[in-house]
Amino acid sequence: MPATVVIGAQWGDEGKGKVVDLLAERSDVVARYQGGNNAGHTIVAGDQTYALHLIPSGILYPDTLCIIGNGVVVDPVVLVEELDQLEERGVDTSNLRISGNAHLIMPYHVQLDTQSEIRLGKLSIGTTRRGIGPAYQDKAARIGIRVQDLLDPSILRRKVAIALEWKNETLEKIYGEPPLDPDAVVDEVLALVPRIAPYIADTSLILDTAIRDGRTVLFEGAQGTLLDIDHGTYPFVTSSNPTAGAACTGTGVGPTRIDHVLGITKAYTTRVGEGPFPTELDDDAARHMAEVGHEVGTTTGRARRCGWLDLVALRYAVRVSGMTQLGITKLDVLSGLPEVRLCTAYTTPDGTETADFPWHQSDFHSCTPVYETLEGWDDDIVGVTSLDELPPRARAYVERIAQFTGVPITLIGTGQGRHEVIDNVEL
Ligand code: GDP
Ligand code: IMO
Ligand code: MG
């Protein structure tokens, strides 16, 4: 797997962190390419649980180079906190490199994210309120502050002053909040520079060299396909592109250098925040998924909405990212359900049945899922590591997913632990 993108195929929280950590064991470099600390990637290694938000899920291996690419938005306060926490737990972070072109999440971005959500009221997106949207907004408006600006205090001061000129107007006049003092904002950030500066590097060059030298590189997606600002369920999306193409723009590596795209999906579906979700359930099966799967948000602690696996959406995810293989996590969570369902088509409001993901939001918002029902299995499969140990019904469920999506399933998660997985298979 020379250069592989690992990406969420649903609405995030598919178990990307666990999979990246697993593959990082045999990889040289792990690079994040979009999103920020809206992500929450959980790794369970032995009796230790790590919840990473900004730092790539390869950090637990001392020899793996970890990169925060230019497409990521970096909250410097969160970065330093996460570094400190890891180091306190004995994790060596010296192998982290951060792109000088990555944009910073400033305190006003966090404030504006919160205020905008409050203002939207019933129409709110349910963001993580981490300042992600406002930071990407400033990047596109070309008034963003970049990691490299940390190295030049006078430029930093000028840029923050310009940005705050109208952020303060917005805070005061629209939201009735007190304005921020530009110097205080800059001083707070500058205090963190000694801690961050050693990590800043030309990460595009580092990645290029690694790929040329035949090293194994993983691109770690955050969020998931349906949260993509272009291909997701807009406006209930994040403000970046989690889909595979962004691995190139978000790190400065050309598309011809990527060999594989591994999509990660749960064996069922979850979603945190607002927005349409055709296969959402409010019944015993949903309660089973939520309880057995511990479906609580890693970043915000919100309960995740649960439902059946949506194969229409999954096949769409395969398409828009050109996925070459799929990993299915949390198959163990479905054990004990009398029957399991797969959504294989939608009926749209005009009565049309379609197996293609609707391009029009109204069709998606009001479609009803068409299900195929398969027999459930009772056997506890937690920790199972070979296909032979899977109950035939669980295997049939996985095989149906592979058949419908048209890509091989190469990994099946059977528990939270790092090695609770059926790996290196092809179904
Ligand atoms: P990410 O954002 O995609 O990295 O996923 P999260 O870490 O937010 O959520 C996935 C949750 O499922 C985490 O608590 C993982 O430890 C857990 N998990 C991942 N794979 C499996 C699996 O195969 N089985 C079970 N039971 N839990 C898993
Ligand atoms: P990982 O990487 C699940 C959701 C939020 C909200 C929407 C926009 O752990 O899979 P934002 O703060 O990004 O502007 O919020 O996106 N969201 C996630 N949901 N997993 C994530 O990351 C998410 N990151 C953002 O709940 O609905
Ligand atoms: Mg998560």
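Beyond 22 Å in Cα-Cα separation lie the following of the pairs 16/330; 18/139; 139/167: 18/139. Take the Cα radius of gyration of the chain and divide it by 2.2 N^0.38 Å, N being the number of residues; the result is 0.98. Couplings 3J(HN,Hα) of the stretch 14-25, computed from phi: 6, x, 4, x, 4, 5, 4, 4, 4, 6, 5, 4 Hz, in residue order, whole Hz [Karplus 6.51 cos²θ - 1.76 cosθ + 1.60, θ = phi - 60°; x for Gly and Pro]. Counted over the stretch 6-119, the DSSP beta bridges are approximately 35% antiparallel.
What a 1.4 Å probe finds exposed on the stretch 265-423 is 46% carbon and sulfur by accessible area, rounded to a whole percent. Highest GNM mean-square fluctuation among 243, 49, 300, for the chain modelled with Cα contacts below 10 Å: 49.
Backbone phi angles across the stretch 238-250, fed through the Karplus curve with coefficients 6.51, -1.76 and 1.60 (θ = phi - 60°), yield HN-Hα couplings of 8, 9, 10, 9, x, 5, 4, x, 6, 4, 6, 5, x Hz in residue order; Gly and Pro are listed as x.
Using a Gaussian network for the chain with springs between C-alpha atoms less than 10 Å apart, which of these wobbles most: 348, 279, 269? Most flexible of the set in this elastic network: 348.
Taking 118, 132, 105 in turn, the Gaussian network model of the chain (Cα-Cα springs below 10 Å) assigns the largest fluctuation to 118. Taking all C-alpha pairs of the stretch 104-194, those more than 23 Å from each other amount to 21 percent. Rounded to the nearest 500, the helix-only mean residue ellipticity at 222 nm of the chain stands at -9000 deg cm²/dmol, with each DSSP H run of n ≥ 4 adding -39,500 (n - 2.57). Per residue, the solvent-accessible area of the stretch 104-194 (1.4 Å probe, heavy atoms of protein chains only, all protein chains present) comes to 52 Å². Put a dot 7 Å past the Cα of residue 287, heading toward its Cβ, do the same for residue 379, and the two dots end up 2.8 nm apart. Here the stretch 235-263 is scanned for amide nitrogen atoms under 20 Å from the site 7 Å beyond the Cα of residue 26 along Cα-to-Cβ, giving 258-263. Identify the trypsin sites (Lys or Arg not before Pro) of the stretch 1-80 meeting these criteria: DSSP loop state and at most 13 other C-beta atoms within 10 Å of the C-beta. Sites meeting the loop and neighbour criteria: 26. Just for the stretch 265-423, what percent of DSSP beta bridges are antiparallel, to the closest 5? Antiparallel: roughly 70 percent of the beta bridges in the stretch 265-423.
Express in % the proportion of alpha carbon pairs of the stretch 44-134 at distances exceeding 22 Å. Roughly 39 percent, rounded to a whole number. Structural descriptor for the chain: relative contact order 19 percent, calculated from alpha carbon pairs under 8 angstrom and at least 6 residues apart. Counting only DSSP beta bridges whose two residues both lie in the chain, roughly 40 percent are antiparallel. Kirkwood hydrodynamic radius computed over the stretch 197-265 comes to 13.4 Å, based on all pairs of distinct alpha carbons.
For the stretch 160-166, 3J(HN,Hα) computed residue by residue from phi via the Karplus equation (6.51, -1.76, 1.60; θ = phi - 60°) reads 5, 4, 5, 4, 6, 3, 9 Hz, glycine and proline entered as x.
Considering all C-alpha pairs of the stretch 265-423, those separated by over 24 Å amount to 34%.
The values are calculated or read from the model by the stated rules, or taken from the named source; none is laboratory data. As the structure is a computational prediction, the values presented were derived from the model and not from experiment. Glycine gets a Cβ as well: all are built from the backbone with ideal geometry, and neighbour counts include every protein chain shown. Accessible surface is based on the protein model in full, side chains and every heavy atom, while ligands, DNA and RNA are left aside. Shrake-Rupley method; radii C 1.70, N 1.55, O 1.52, S 1.80 Å.
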